[in-house]
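The values are calculated or read from the model by the stated rules, or taken from the named source; none is laboratory data. Everything quoted here is computed from the prediction, not taken from an experiment. Cβ placement follows ideal geometry from the backbone for every residue including glycine, while neighbour counts extend to all protein chains displayed.
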Amino acid sequence: MQKTFIRYTFFIVTSAVLLILLVHFQYSLHMLEEQQYDTFFEKTEQMIHTLENNREELRKMNESLDEDYLTRARAAAYVMDRQEEITVDVPQMQYLAKLLNVDELHVIDENGIIVSGSVSQYVGIDMADHRQTREFLSILESDDEDAFLIQEAQPNAAEHRIMKYVGVARKSRKGIVQVGFEPTRQMEAMSRNTYDYIFSRFPTDIGEELFVLDIATGEVLGHSGGMERDFGAEYFQPEHLAECKEGAYKKGENGDTLYVLSREYDAILLCAALPKEILLRKLWKHVFAALNYLLFIEAAVILLLNYLVGQKVIHGIHCIIEDLTAITNGNLDTRVAVSGNREFEELSAGINNMVKSIVRLSDRISAIIEISGIPLAAFEYERGVSYVFNTSGLSELLELPASEAAGLYKNSALFDRYIRKITEHPAEGEEDIFKISEERYVRIHMSETQEGHLGIITDVTKDVLSRRQMRYENTHDSLTGLYKFSCFKELAEGIVRRLSSGRFCAAVMLDLDYFKAVNDTFGHDAGDRYLQAFSAVMHSMPPEHFLCARRSGDEFCMMIYGCEERDGILRYLEEFYRVLGENKVALADAEPRAIRASAGFACTDQPDCEISELLRRADEALYEVKNGTKGYFAEFRSGKQG
């Protein structure tokens with residue numbers, strides 16, 4: 001009988017394992033695709049945000065510089081109209097150009113000829129001879145004494161050097177005063193707006209490819225270089241990629257399959273692709289892990305059942321037969337186990353004679369729990385009865401000392417108060433789960449009847465700790481232990497919304513200075529230690545005033561809150577930089593070096609302020625610091641140009 005039972009059990013459990021594995025496979029594939037979609041969507045969203053920020057930055061810079069250049073040109077014209085002898089002396093023109101902080105200074109007569117300038121070889125050039133210079137003749141043709149022309153940066157006519165020229169009309173006579181600049185800042189800002197530069201700022205996973213296509217022409221405008229791909233292939237054309245807005249698989253000419261997401265933005269397609277084989281590699285890793293767990297559980301269940309059948313059933317049959325004589329002789333304390341097999345049916349007459357000798361309920365429950373192997377305990381106490389009926393594992397689950405448990409079991413009123421005290425405060429984020437100690441969580445189910453109370457307690461420590469660990473991993477960065485940026489934004493949004501009258505908070509964006517040099521010089525392991533040392537300083541800040549997160553790479557952010565005045569934010573930032581200055585990190589055999597970081601922050605006392613806007617302001621302030629002195633912090637100032 002035992003072999004037959006084990007054989008059928010093996011068949012049933014194995015079938016269940018295969019079914020669970022199939023369901024797990026389908027579910028895991030779906031979850032991986034959703035996870036990859038979310039990852040791609042977030043990256044394309046960041047790309048769009050970067051493009052918009054860079055364009056706005058370039059526009060503001062151009063407006064500011066154009067106004068500054070025009071002012072210098074008019075200042076030069078003013079000087080020329082009052083000291084005309086300068087116009088015939090190249091050294092004096094060079095001296096004046098230096099005073100005005102311009103790279104070139106030219107005077108053009110009414111015929112469009114450069115008659116004097118700070119660059120001697122340009123003197124005598126006819127402005128009408130070249131397309132680049134010809135545009136300035138419109139000033140001579142204008143009757144407006146304040147006429148001017150600001151030309152976009154382009155190669156100049158004489159040396160094909162990239163220059164930006166501004167010309168204004170002279171007031172004392174017909175003519176033009178022209179100044180020239182090397183547009184270094186504008187060229188740098190334009191370089192940051194290229195797709196290749198933007199892609200260099202976005203980390204990609206192994207095998208992952210980010211690329212941008214012109215919708216009209218199908219031209220690849222830039223890509224991250226994560227895959228060796230022929231972007232001229234059919235499945236990289238706009239009409240095919242447009243079908244991937246919700247994420248789709250595309251098969252290439254060489255038989256490989258990619259998971260692709262595309263987003264349309266401003267006449268371009270932002271795309272992200274990952275080979276399906278990498279997704280499947282992750283999937284099979286999950287499936288094989290689940291298979292190992294299931295096989296282990298199956299083996300444990302079969303071995304346990306084999307043991308239980310042999311020890312508790314077959315052996316029990318012979319024990320019952322031996323005990324029948326004792327029961328017939330009146331020994332009603334003898335305990336027997338009943339089953340539906342043939343041996344027990346032979347003893348049915350004797351079992352019927354034992355109905356009047358039912359064992360106590362707690363003993364029966366304890367036997368069932370011991371057989372199941374489940375960490376479970378039960379208790380019952382009736383109104384008007386002092387004794388508490390309980391199973392043997394109750395004191396262990398509640399972590400009660402034997403002496404204290406014995407006292408509670410003898411007084412149902414004390415036991416009731418004890419249980420109700422435990423259930424007053426559920427564990428954080430749970431409904432019917434309660435914390436017994438740092439090492440144990442239990443679920444308590446209680447039902448109340450007219451007769452009394454019945455309760456069941458199960459040990460759910462493993463499940464609770466597993467869920468908490470999963471929540472922690474979903475919300476915290478694995479390298480630094482800081483909050484992830486997505487979680488940080490949600491928490492920061494709540495902080496702003498809960499701002500009370502007269503209270504201030506600030507969003508702070510931080511960026512490590514020269515971090516790339518650390519990685520390039522000492523290696524990525526040293527770079528990780530550098531990041532961890534910086535995050536340790538963030539961890540040391542008082543949590544009641546600091547919310548810290550890692551945004552990406554060497555970018556971090558903080559929310560400083562709970563300040564009664566704006567100066568309190570400055571004091572906290574100064575304290576942060578003081579502690580940062582005292583902490584050094586050893587990168588190699590050389591002496592430990594100080595950690596340097598730049599920061600920008602934006603304050604608010606308005607609970608309706610959008611966190612995204614606050615972060616944007618802080619980011620602008622950070623940009624100013626990074627392009628200035630670095631190594632310290634600055635506050636966002638509204639209306640600031642450039």
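Taking every residue in region 373-395 that is assigned by TED's automatic domain parsing to the domain that holds Ile456 and pairing it with any residue that is assigned to a strand (DSSP E or B) and acidic (Asp, Glu), at least 6 positions away or on another chain, the pairs with Cβ-Cβ distances below 6 Å are Pro375/Asp459; Phe389/Glu380. In the condition set (1) part of a loop (DSSP other than H, G, I, E, B); (2) surrounded by 13 or more Cβ atoms within 10 Å (Cβ to Cβ), Pro203 is compliant with all but (2). Of all residue pairs spaced 6 or more apart or on separate chains, those with beta-carbon atoms under 9 Å, a first member in region 41-57 that is aromatic (Phe, Trp, Tyr) and a second member that is surrounded by 14 or more Cβ atoms within 10 Å (Cβ to Cβ) and modelled with pLDDT of 80 or more are Phe41/Gly247; Phe41/Leu261; Phe41/Arg263; Phe41/Ala272. Within the set Gly180, Gly222, the sole residue that is surrounded by 15 or more Cβ atoms within 10 Å (Cβ to Cβ), modelled with pLDDT of 85 or more and not hydroxyl-bearing (Ser, Thr, Tyr) turns out to be Gly180. Of all residues in region 475-485, those satisfying the criterion of being outside any loop (DSSP other than H, G, I, E, B) and touching a residue at least 12 places away in the same chain (Cβ under 8 Å) are Thr475, Tyr483, Lys484, Phe485. Taken over region 100-145, the criterion of being among the acidic types (Asp, Glu) and closer than 14 Å to Tyr165 by Cβ is satisfied by Asp103, Glu104, Glu135. Yes or no: Gly124 outside the structural domain of Asn627 (by TED's automatic domain parsing) and at pLDDT below 90? Judged against the criteria, Gly124 is a match. In region 622-641, which residue that is farther than 18 Å from Tyr577 by Cβ and surrounded by fewer than 14 Cβ atoms within 10 Å (Cβ to Cβ) is modelled with the lowest pLDDT? Top of the filtered list is Gln641.
Only residues that are in contact (Cβ under 8 Å) with a residue 24 or more places away in the chain, surrounded by fewer than 17 Cβ atoms within 10 Å (Cβ to Cβ) and in a helix (DSSP H, G or I) were counted across region 488-515, and they come to 3.
Is it the case, given these coordinates, that Ala427 is touching a residue at least 60 places away in the same chain (Cβ under 8 Å) and not in a helix (DSSP H, G or I)? In short, no. Taking the criterion of being part of a helix (DSSP H, G or I) and surrounded by 21 or more Cβ atoms within 10 Å (Cβ to Cβ), the residues of region 97-139 that qualify are Ala97, Met127, Thr133, Ile139.
Can you tell me which residue is surrounded by the fewest Cβ atoms within 10 Å (Cβ to Cβ) among those in region 560-597 that are touching a Cys at 6+ places or on another chain (Cβ under 8 Å) and at negative phi? Only one residue tops the list, namely Arg566. For Ser612, only one of the following conditions fails: (1) more than 30 Å from Met61 (Cβ to Cβ); (2) out of contact with any strand residue (DSSP E or B) (no Cβ under 7 Å at 6 or more places or on another chain); (3) of a type in the set (Gly, Ala, Ser). What is its number? Going through (1) more than 30 Å from Met61 (Cβ to Cβ); (2) out of contact with any strand residue (DSSP E or B) (no Cβ under 7 Å at 6 or more places or on another chain); (3) of a type in the set (Gly, Ala, Ser) one by one, Ser612 breaks only (1). The single residue among Val464, Val508 that is farther than 26 Å from Ala621 by Cα and either modelled with pLDDT of 90 or more or assigned by TED's automatic domain parsing to the domain that holds Leu397 (or both) turns out to be Val464. In the condition set (1) assigned to a strand (DSSP E or B); (2) surrounded by fewer than 13 Cβ atoms within 10 Å (Cβ to Cβ), Arg551 is compliant with all but (2).
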